[in-house]
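The values are calculated or read from the model by the stated rules, or taken from the named source; none is laboratory data. The structure presented is a predicted model; accordingly, all values stated were derived computationally and were not measured. Cβ placement follows ideal geometry from the backbone for every residue including glycine, while neighbour counts extend to all protein chains displayed. Heads up: the accessible areas ignore ligands, DNA and RNA and are worked out on the full protein's heavy atoms, side chains in. Shrake-Rupley method; radii C 1.70, N 1.55, O 1.52, S 1.80 Å.
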Amino acid sequence: MEAESLSGGFDNAPIASAHAFRVALDVMARPGKIGKISGALPPAPMTVAAGSLILTLCDPETPVWLAPSLQGATIADWVRFHTGAPLVANRAGAMFAVGRWEELAPITDFPIGTPQYPDRSTTLIVEMDRMTASGPTLRGPGIKDSIQLGLPDVKSFQANAALFPLGLDFYFTAGSQIAALPRTTKLEG
Amino acid sequence: MSSDYNFAYLDEQTKRMIRRALLKGVAIPGYQVPFASREMPMPYGWGTGGVQVTAACLLPDDTLKVIDQGADDTTNAVSIRKFFEKTASVSVTEETTEATVIQTRHRIPETPLTEGQILVYQVPIPEPLRFLEPRETETRKMHALEEYGLMHVKLYEDIARHGHIATAYAYPVKVEGRYVMDPSPIPKFDNPKMEMAGLQLFGAGREQRIYAVPPYTRVVSLDFEDHPFERGGAQQPCGLCAATDAYLDEVIMDDIGTRMFVCSDTDYCRKRREVGHVGEMGVPKAEDAA
Amino acid sequence: MYVAVKGGEAAIENAHSWLDEIRRGDTDVPELGIAQIRNQLALAVDRVMAEGSLYDPDLAALAIKQSRGDLIEAIFLIRAYRTTLPRFGSSRPIKTENMACMRRISATFKDVPGGQVLGPTFDYTHRLLDFKLAAEGSAEPALKAPAQADEVKPHITSFLNDEGLIQSEPQNDQTPPDLTREPLELPASRALRLQALTRGDEGFVLGMGYSTQRGYGRNHAFVGELRIGNVAVEVDIPELGFAVEIADIEITECETVNQFTGSKTEPPQFTRGYGLVFGQSERKAISMALVDRALRWKELGEDDTGAPAQDEEFVLYHCDNIQATGFVEHIKLPHYVDFQAELELVRKLRREANAAREAAE
């Protein structure tokens, strides 16, 4: 295992993960809002935001699917070493999936939950080059009137929202920035 | 105690499990997410669900307020506040506006919550259909199929018998047009406040359920066109601060049954008295020795 | 003049120190030591370990001391402590057939290979208060058969199995779900049901077991075997590549043999109920086996007679005394906001009912 895989974890995990979680909670509760999340220093090309989110939420109980661009030994070892999460090749078994949008497609292969347990769906962490506050208009729970967020696609998210109460939930990460799109958010144009 | 336990008492794996449940709860407003509630050092029924949710959310720089029955000084509120002072070293407050996290049992503060605030509810029975159908396997199906006829029948039977819906607290709501949800045993007076700027999180420890209502989410109290929801509320102003827009407790004053009505929200009442409002039985704040 | 009730914090602190004082009681009486509780109130210690799901006699004894002998409170202390402990691994299944039996009896056979071992039982004592004990009399050493620890005593039900008279349980090496780490989901597997029952309240499980004998989900049980003794707990150490014995624990195991009249698919055969409890607790182990058997109606193709002991959801959701005591006792917490809401509603309904009656008169 390379030294890079062993470093870059949270200093003082209880406090760092508490801070990271509050940001993750805040942006999920306010879709479209861009927050700052940090604490982890994962090997490139994984972003600080995605790494921090993974350290906050993943552990041996959460199978993680890594996109091909993140499947290098260094990142895989980093995730395994710091979280103990099992890395899975099968999308259908993933509780979390991390990668660029084009690698995550087709997102319809990830579990969307069941009518009795809609929570048993994958959370996708979409790695982005940048985060912008302009783009499709979002409406729904957590949003006062409306908000805009730059997204890699529109139709897929509209199709996902139409599955409600089933569906996937998304985080978008760029550098140390993070935003979220739960299944309840409706997109226009 | 503080040095022997992890930050905010719970171990990190437990917090991660609760945090994942919270995020799915936020993503599916009103849906009850199962979670593996842990034994806490206070009994089930004393707010173990709320305490676990709070513990999973707290930051060392948070300011925490804990209320029970609207009041900061009730014994259980004091006990929970002290627990987090010790285990998470957070600052505490009695002022609604100062708090970043508020844990509550049975009330929503009168002062509207703002965007930065989280309201954590302690929930005894999270399933709104439980008293109509005791089986979890059945109620889960009913939620899955959005089959809420039983609830409407129950409410309608009330109207047929009493002329009103005879539910005064824990009055069921429909969240974002999908899930029927138990708002916890708050008086129905508080139901309209649930459409708010703050984030609402609900924890039921013994029943192992977490649910959430994000800010600006539609929360509609169930009713009928010809029998719209009535908020109810006190018939007279607060005896101490003269508030007419607050939920009041009835206090028996003496052996012959003299009563007075005072704000259940102690912070709201005190604030009003501080700025000079005086009720029929109160004295100006400056002269109040208590 | 109304004076708001203040000082909750001071009241709590004072109540706690009063509790400390009253726990100690009369200081002229020597204080109880943990070793005394562990040795002389061993069955109370066993119950706290069993329902607390933590095998540690010293901590259980401490909990009993701290709780002033309130065992449910002691169980609660142990549970709250247990939940904070890190997990280092899970053990291999214990092998009860290798148990060093202190007691081993069968009600189904007069004699069995390995013999009946009565052990230290209350069964045949006359329940007469022994006033000698009040005078702190010390017991004479008992006459015991030579230790048979090394002798493997086969399970008695295995004799029936040779003839195909008793149903074989499917072998399953799957790690069972952990009730304390995952939320209870229904329908529950048998492993999960047994987990819930073994830490369930002794009184509740006893009552449920009793109800099956009185016709509520009757399953005609015989105690095939009841054994109490010590077994080794082994843990696989991946770094070593083999299992290491980490503890030696005392347990009670009960296997019932139950009548089964057969179903559409199965000829008549005996079936089993199973009970396994930390420490020495045959009441609990037997009750558990009865309830386990009653809960198996579905897999055996029996009828649901609507008996409480057949109702998995009812049994599993209500057998935990820590959940139960918390929720039952929480109604002593203030509920005046809800009560006020009810009060207003009842007043309104009465006002309207009276008005309607007057209008009618």
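When chain C is treated as a GNM with alpha-carbon contacts under 10 Å, the residue of C:69, C:273, C:229 showing the greatest mean-square fluctuation is C:69.
Shape class for region C:8-82: oblate, because the ratio a/c of the largest to smallest gyration tensor axis (alpha-carbon atoms, square roots of eigenvalues) is 1.5 or more and b/c is at least a/b.
Compute the angle between helix C:282-295 and the longest alpha-carbon principal axis of chain C, please, reported from 0 to 90 degrees and rounded to the nearest 10. Rounded to the nearest ten degrees, it is 80.
Take the convex hull of the alpha carbons in region A:103-189; its mean projected area over all directions comes to 5.6 nm².
Using a Förster radius of 22 Å, what is the FRET efficiency between residue B:161 and residue B:235 based on their Cβ-Cβ separation? Nearest 0.05, please. That gives a FRET efficiency of 0.40. Using a cutoff of 8 angstrom between alpha carbon atoms and counting only pairs six or more residues apart, the relative contact order for region C:8-82 works out to 26 percent. Between 0 and 90 degrees, rounded to the nearest ten: what's the tilt of helix A:48-57 against the longest Cα principal axis of chain A? With rounding to tens, the tilt is 90 degrees.
With the simple spin-label model, which puts each label point 7 Å out from Cα in the Cβ direction, the residue B:82 to residue A:130 separation comes to 5.5 nm. In straight-distance terms, cross-link reach from residue C:110 covers every one of the aspartates and glutamates whose alpha-carbon lies under 14 Å from its own, apart from those fewer than eight places away in the same chain; here that gives C:225. Put simply, the amide H of residue A:65, placed in the peptide plane, has neighbours under 5 Å in A:88, A:95, A:96, A:97, A:98, leaving out anything fewer than 5 places away on its chain.
I'd like the mean, over residues of C:270-281, of how many other protein chain beta carbons sit within 10 Å of each residue's own Cβ. Numbers along the way, then the final one.
Numbers: counts 0, 0, 0, 0, 0, 0, 0, 0, 0, 0, 0, 0.
Whole-number average of other-chain Cβ neighbours for C:270-281 is 0.
Evaluating 6.51 cos²θ - 1.76 cosθ + 1.60 at θ = phi - 60° for every residue in region B:91-102, the Karplus couplings come out as 7, 10, 8, 9, 8, 4, 6, 7, 7, 9, 10, 10 Hz, glycine and proline recorded as x.
Per residue of B:44-53, other chain Cβ atoms within 10 Å of the residue Cβ number 3 on average. Ranked by solvent-accessible area (1.4 Å probe, protein heavy atoms only, all chains present), the residues C:58, C:111 order from largest to smallest as C:111, C:58.
Peptides B:109-122, B:220-233 ranked from most to least packed, by the mean per-residue count of other Cβ atoms within 10 Å: B:109-122, B:220-233.
Phi-derived couplings, Karplus 6.51 cos²θ - 1.76 cosθ + 1.60 at θ = phi - 60°, listed residue by residue for region A:131-138: 10, 10, 8, 10, x, x, 7, 10 Hz, with x used for Gly and Pro. Partners of residue C:95 within straight-line reach, counting aspartates and glutamates whose Cα lies under 14 Å from its Cα and excluding those fewer than 8 residues away in the same chain: C:150, C:151, C:173, C:234, C:245, C:248, C:250, C:253.
Rounded to the nearest 5, what % of the DSSP beta bridges within chain A are antiparallel ones?
About 50 percent, rounded to the nearest 5.
Exposed loop sites were defined as trypsin sites (Lys or Arg not before Pro) in DSSP loop states (anything but H, G, I, E or B) carrying at most 15 other C-beta atoms within 10 Å; in chain C the longest segment without such a site runs C:299-361. Counting only DSSP beta bridges with both residues in region B:19-142, the antiparallel share comes to about 10 percent.
Which GluC sites (Glu not before Pro) does region C:1-106 hold that lie in a coil by DSSP with at most 15 other beta carbons within 10 Å? Kindly include the intermediate steps, with their values, before the conclusion.
Working: sites: C:9, C:13, C:21, C:31, C:51, C:73, C:97; in loops: C:31.
When the GluC sites (Glu not before Pro) of region C:1-106 are filtered for loop state and at most 15 Cβ neighbours within 10 Å, C:31 remain.
Note on residue C:246 and residue B:224: the model spin-label points, each 7 Å out from Cα along the C-beta direction, lie 6.1 nm apart.
When the Gaussian network model of chain C links Cα atoms closer than 10 Å, the mean-square fluctuations of C:30, C:154, C:113 top out at C:30. Rounded to the nearest 10 degrees, the angle from helix A:13-29 to the longest Cα principal axis of chain A is 20 degrees. Taking the DSSP bridge list for the protein assembly as shown and keeping only pairs wholly inside it, about 70 percent are antiparallel.
Spin-label pair residue C:175-residue B:95: with each label point 7 Å from Cα along the Cα-Cβ axis, the two points sit 5.1 nm from one another. For region A:141-146, the Karplus equation 6.51 cos²θ - 1.76 cosθ + 1.60, evaluated at θ = phi - 60°, returns couplings of x, x, 10, 7, 6, 8 Hz by residue, with Gly and Pro reported as x. When each of the peptides C:338-344, A:126-132 is scored by the mean number of other C-beta atoms lying within 10 Å of its residues, the order from highest to lowest reads C:338-344, A:126-132.
Cβ neighbours within 10 Å, averaged per peptide: list B:247-253, B:48-54 in order, most packed at the top. Working shown, then result.
On the way: B:247-253: 18.4, B:48-54: 27.4.
Going by the mean number of other Cβ atoms within 10 Å, highest first, we get B:48-54, B:247-253.
Comparing B:175, B:78, B:66 in a Gaussian network model of chain B where C-alpha atoms under 10 Å apart are linked, the largest mean-square fluctuation is found at B:78.
How would A:56, C:325 rank on accessible area, largest to smallest, probe 1.4 Å?
Details: A:56 0, C:325 40 Å².
Sorted descending by solvent-accessible area, the residues read C:325, A:56.
Quote the FRET efficiency, to the nearest 0.05, computed for residue C:299 versus residue C:27 with a Förster distance R0 of 51 Å and r equal to the Cβ-Cβ distance. Working from the Cβ atoms, E equals 0.30.
Take the cross-link list B:193/C:348; B:141/B:188; C:153/C:284; A:144/B:271; B:24/B:174; A:144/B:154 and give me the ones stretching past 25 Å between alpha-carbons. Can you show the working numbers first?
Numbers: B:193/C:348 23 Å; B:141/B:188 27 Å; C:153/C:284 22 Å; A:144/B:271 29 Å; B:24/B:174 18 Å; A:144/B:154 34 Å.
Cα-Cα > 25 Å for B:141/B:188; A:144/B:271; A:144/B:154; rest within.
Assuming R0 = 35 Å, what is the FRET efficiency of residue C:91 and residue C:161, from their Cβ-Cβ distance, to the nearest 0.05?
0.85
Per-residue Cβ counts within 10 Å, from other chains only, averaged over B:117-126: what number is that? Intermediate values should be presented prior to the final figure.
Details: counts 0, 4, 0, 0, 0, 1, 0, 3, 1, 0.
Across B:117-126, the average partner-chain Cβ count within 10 Å equals 1.
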